[in-house]
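Down below is the structure, laid out as structure tokens.
The values are calculated or read from the model by the stated rules, or taken from the named source; none is laboratory data. Since the structure is predicted, the reported quantities are computational estimates derived from the model, not experimental observations. Heads up, the Cβs are rebuilt from the backbone with ideal geometry, glycines too, and the neighbour counts pull from every protein chain shown.
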Amino acid sequence: MSVAIEFWFDFASPYARISAARIEGLTRGKPLTLSWRPFLIGPLLAKRPGQASPFQNAPSAQARYRRRDVERLCLDEGLPLVWPSTYPRGSLLATRVAIIGTGQGWCPVFARAVFEANFAADRDIAAEPVVSEILTRLGLPAEALIAEAGSEPVKQRLKDAVAEAERRGLFGTPSFLVGEELFWGNDRLEQAIVWATSYPRAS
């Protein structure tokens, strides 16, 4: 029996970028259905008591650690890394396009390309020309998809995704859901997969 594992990600997260590069290889050949779930973490972070900001706002020592941690992980995984000149970088357009892709089967390849643009090439993934170029390179109809991304139905789908993330208890990215069992962070990806593959016994 195939069990669903949901991969919730925000394009601003370098840890989500690492998970995006790893997750399909780790789940391949296992009795799992992988669902890519793009959303925005900022609206949830802004609801923290006493810290109404869409950013993590980590103390300086913790921010330095996270930066070096990402650098080590990318080195381990053989992933190129160029820190974005604007960090964290907005990704509203790219996320709306990714939402469309979840229903058309090309979200994973698009998402990985957006992550690479942001974290390997320091490109502005909030800019229409950058998103358009990515779509064109992937053989997708860029003009039509960007127009659709600005439509009210797609905007609402993204709002609904953020609301669902909040309802299901997400507070960071990447997050992995197996049913309602939550695993947070790139370092919990393997644990989520083990849980998912033993889910019938654990339920």
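Conditions tested, residue by residue: (1) among the β-branched types (Val, Ile, Thr); (2) surrounded by fewer than 17 Cβ atoms within 10 Å (Cβ to Cβ); (3) closer than 19 Å to Thr33 by Cα.
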site: Lys155; (1), (2), (3): no, yes, no
site: Glu166; (1), (2), (3): no, yes, no
site: Gly169; (1), (2), (3): no, yes, no
site: Ser175; (1), (2), (3): no, no, yes
site: Glu180; (1), (2), (3): no, yes, yes
site: Trp184; (1), (2), (3): no, no, yes
site: Asp187; (1), (2), (3): no, yes, no
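When both residues are 6+ apart or on different chains and their Cβ atoms are under 6 Å apart, which pairs have a first residue that lies in the stretch 51-76 and is closer than 17 Å to Phe11 by Cα, and a second that is modelled with pLDDT of 95 or more and not in a helix (DSSP H, G or I)? Taking only residues 6 or more apart or on different chains, the pairs are Cys74/Leu81.
Only one of Gly172, Gly150, Gly179 is of a type outside the set (D, E, K, R) and on the phi > 0 side of the Ramachandran plot. Can you tell me which? Unique residue meeting the criteria: Gly179. Could you please let me know if Arg137 is farther than 21 Å from Ile23 by Cα and of a type outside the set (S, T, N, Q)? Yes: the conditions hold for Arg137.
Going through Ala94, Ala98, Ala111 one at a time, which residue ends up being under 14 Å from Ala16 (Cβ atoms) and in contact with a Cys (Cβ under 9 Å, 6 or more places away or on another chain)? Step through it out loud before you land on a result.
Numbers: Ala94 fails: in contact with a Cys (Cβ under 9 Å, 6 or more places away or on another chain); Ala111 fails: in contact with a Cys (Cβ under 9 Å, 6 or more places away or on another chain).
Unique residue meeting the criteria: Ala98.
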